[in-house]
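In what follows, a single structure is set out as structure tokens and then discussed.
The values are calculated or read from the model by the stated rules, or taken from the named source; none is laboratory data. Since the structure is predicted, the reported quantities are computational estimates derived from the model, not experimental observations. Methodologically, a virtual Cβ is constructed for each residue, glycine included, from the backbone with ideal geometry; neighbour enumeration extends over all protein chains shown. The area values use the complete protein model at the heavy-atom level, side chains included, leaving out ligands, DNA and RNA. Shrake-Rupley method; radii C 1.70, N 1.55, O 1.52, S 1.80 Å.
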Amino acid sequence: EKTGKVLGEFCRCYKEQFGVALFNSVRYEIEGAGGPQAQLLHRKVPLEDHVIYSGNIFQYIEENKKWRNRFCVVPHNYGLVLYENKLAYERELPPRVLVNSAGYKVLTSVEQYLELVNNSLPGVTPKSGHSPILKCPTDFPLILWHPYARHYYFCVMTGKEQEKWRAVFQDCVRHCNNGISEDSKVEAPAFTDAIRMYRQSKEQYGTWDMLCGNETQVLSNLVMEELLPELRSTIGPRLKGKAPERQRTWIQVSDAVYRMVYELAKAQYDAAVASCEQERPQLESSIRTDMDQIITSKEHLASKIRAFVLPKAEVCVRNHVQPYISSILEALMTPTSQGFAEAREVFFKEVTDMNMNVVNEGGLEKLVEYMEKLSHLAFHPVKMQSCYEKMDQLKLEGLQQRFDVSSTSVFKQRAQIHMRQQMDDAVYTFETLLHQELGKLQGKDDLCKSIQRILERVLKKFDYDSSTVRKKFFREALLQITIPFLLKKLAPTCKGELAKFQELIFEDFASFILVENTYEEVVLQSVMKDIMQAVKEAAVQRKHNLYRDSMVMHNSDPNLHLLGEGPAIDWSEEYSGQPEAEPAAERRRRAKQVVSVIQDDEGALPYGAEALLQPGSPEPREPGEAHPGVPPSPPDAVKEIREALAQESLGDGAGAEERLMNGTDASAPPSPRADVPAEASVPHVTAAPPGAQSPPAACHQRGDKETGDKERSPPQPRGTTESGEGVQTEF
């Protein structure tokens, strides 16, 4: 009932915003818009047929009440895919669990997790001395926490492994959160504007932390935001047992409801999108026919609203916004610019090291090997971590409360995505220019000088594009912070009077002009001048290496963008002397992984046996022996985990069937999908429906002792480029 009510209101907003977004798209297509041309090339299909990372990690299985060794693969679409062991992965058996990490937080301490769990169900806190909801057998946990969905518990043996896995998990969260395709020029803005309008109708202004994932996940979060408090007050008092048992039950209830909401929301949203797409040809035809009249009508409406709103808006801006713009801008500029500077430094260091190694070790043959690694630098979570960490310094302090900014995470993740894109553009431009030069070079000296010359050219382009990207980011962030604040301030005196302007819109144009949108544009104009001026002054003063808008970098490579239109460069195929015709299966078997496997000799045992880390049970047990309803009793000593690992077993029998992320069957036949990833033209992780269970793994062989193979990485996980139905596991 709640989902139907929320989606009904949202879909009405979406249909209204669809017409406006379609008009804006067609108008932009006809009129175009200026702006500085990017100097760096943009890779069309990054990370195709590559694995980000793979390795062994311990996972706590709630149904079995055991810690199990799993082989985890992170493919190019940033899903977490967990297999029974490495052999199961290499044999392309179905994975045990698929996780879409949109909306999750990566925690590295049990204390952090327990605090969040205690806050999720007020009044239910374990007494001191009682066992908490979770214990970890090592000092290095990794927990994926979600406010509504199922939680995931992992651990590793060393701090070095924990840091690496944390970087990988955070990259997955960052990518999956950005699940609404920016390539869509109509559906995406219509969706985000409809979400904003719906929340504003409920008096909720400002940024929203749960605007993450694909469209259906965002809508599920929207419903759960309203439904969960009601659910908590109804079900919370009826939960039985000790505090940890009640907390565990509450998490399961919340997850089950979230999966139900997801399926209902998906059906209603898909129907609304289909309805709008059906009307699109007729709407677009009307727009193209009446474009001039629509623009004239909109400008007439805007002039009337401006006369009514602008005096009040300008006073509000002058008293409540203008004095703080420079402070907000400085708070944004420092960490963001440090992150971009760190990305530049990482790129410079990697290319310089490659240049030295190529000269010392063997020319072209070594160059191919290093270029294979360099081409995926932007997608290396560990090497990019030093860039991303700079954004952790972002603090708006008192400004956050003043402008009702619930969290800075929205701005942090957006800046981090820009950093990764900028790094990949620099790498792609470098390899394109170097590839063009290779045929003309004579010997190592020429190669060394050419690499150095190209590096300098690319760094100049990087600096120019970095300035452009950062200035745009600063303007957008300032608008995101100030506009909701202004709308909230002006609502009591302005919003109630907007209805009288509706009569100024011709009925034929009512699908393309909305009073509410025009009112927001007028409010935006009231503060835009001050924001533009603040960013311009920062550039004039050369703060943080920003360039003035008047500075135009003349294109020193007129044919460079033509080079970028060519096919992707495959260094190993082109220069390694391998035969051209390679079977697809063999190419998949040899797929490289971006992050090398950690090799730590500081006392960590090799991951080999599929050990069951049950206290006092070094010998593996059949999972069926423990009743699934019994509360988990995880081990709490590193010694026991080592003893269990020392007992190399040949498997654990059939194994209790584990639920997938939000309950999908990983081996279920794929269904058609429509969504496209935001960061890469590769299939994106979307959410998956509940209810089904995964089949027992068909393989019970002992896992490999190492978590990867440098010469030969295993194939891509099955199903990760196809769509399964459901809440958080569709690939």
Can you report the number of residues in the range 163-183 which are in contact with a strand residue (DSSP E or B) (Cβ under 9 Å, 6 or more places away or on another chain) and open to solvent by 20 Å² or more (accessible area, probe 1.4 Å)? 3
Look at the range 61-80 and say how many of its residues are open to solvent by 10 Å² or more (accessible area, probe 1.4 Å) and modelled with pLDDT of 95 or more. 0
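Of all residues being basic (Lys, Arg) and touching a residue at least 60 places away in the same chain (Cβ under 8 Å) in the range 227-259, which is surrounded by the most Cβ atoms within 10 Å (Cβ to Cβ)? Just the residue, please.
Per the stated criteria, the residue is Arg259.
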So if I check each of Leu479, Leu498, which one is of a type in the set (A, V, I, L, M, F, W, C), part of a helix (DSSP H, G or I) and open to solvent by 20 Å² or more (accessible area, probe 1.4 Å)? Leu479
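Determine which member of the set Lys488, Lys460, Lys449 is open to solvent by 40 Å² or more (accessible area, probe 1.4 Å) and under 19 Å from Ala378 (Cα atoms).
Lys460
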Within the bounds of the range 10-31, is there any residue that is assigned to a loop (DSSP other than H, G, I, E, B) and either under 23 Å from the mean Cα position of the chain (by Cα) or under 30 Å from Tyr198 (Cβ atoms) (or both)? no
Only one of Glu16, Glu29 that is open to solvent by 50 Å² or more (accessible area, probe 1.4 Å) and closer than 15 Å to Ser184 by Cα: Glu29
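Does Tyr152 meet the test of being surrounded by 21 or more Cβ atoms within 10 Å (Cβ to Cβ), closer than 26 Å to Leu222 by Cβ and either at pLDDT below 95 or among the acidic types (Asp, Glu) (or both)?
no
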Against the definition (more than 20 Å from Asn100 (Cα to Cα), open to solvent by less than 30 Å² (accessible area, probe 1.4 Å) and in contact (Cβ under 8 Å) with a residue 40 or more places away in the chain), how does Cys276 come out, yes or no? yes
It is to be established whether one or more residues within the range 465-475 are surrounded by fewer than 17 Cβ atoms within 10 Å (Cβ to Cβ), within 30 Å of Arg344 (Cα to Cα) and either without any contact (Cβ under 8 Å) to a residue 24 or more places away in the chain or in contact with an Asp or Glu (Cβ under 8 Å, 6 or more places away or on another chain) (or both). yes
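Of all residues being open to solvent by less than 30 Å² (accessible area, probe 1.4 Å) and of a type outside the set (Gly, Ala, Ser) in the range 260-272, which is farthest from His146 (Cα to Cα)? Just the residue, please.
Tyr269
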Can you name the condition, by its number, that Gly236 falls short on among (1) more than 24 Å from the chain's Cα centre (by Cα); (2) modelled with pLDDT of 95 or more? (2)
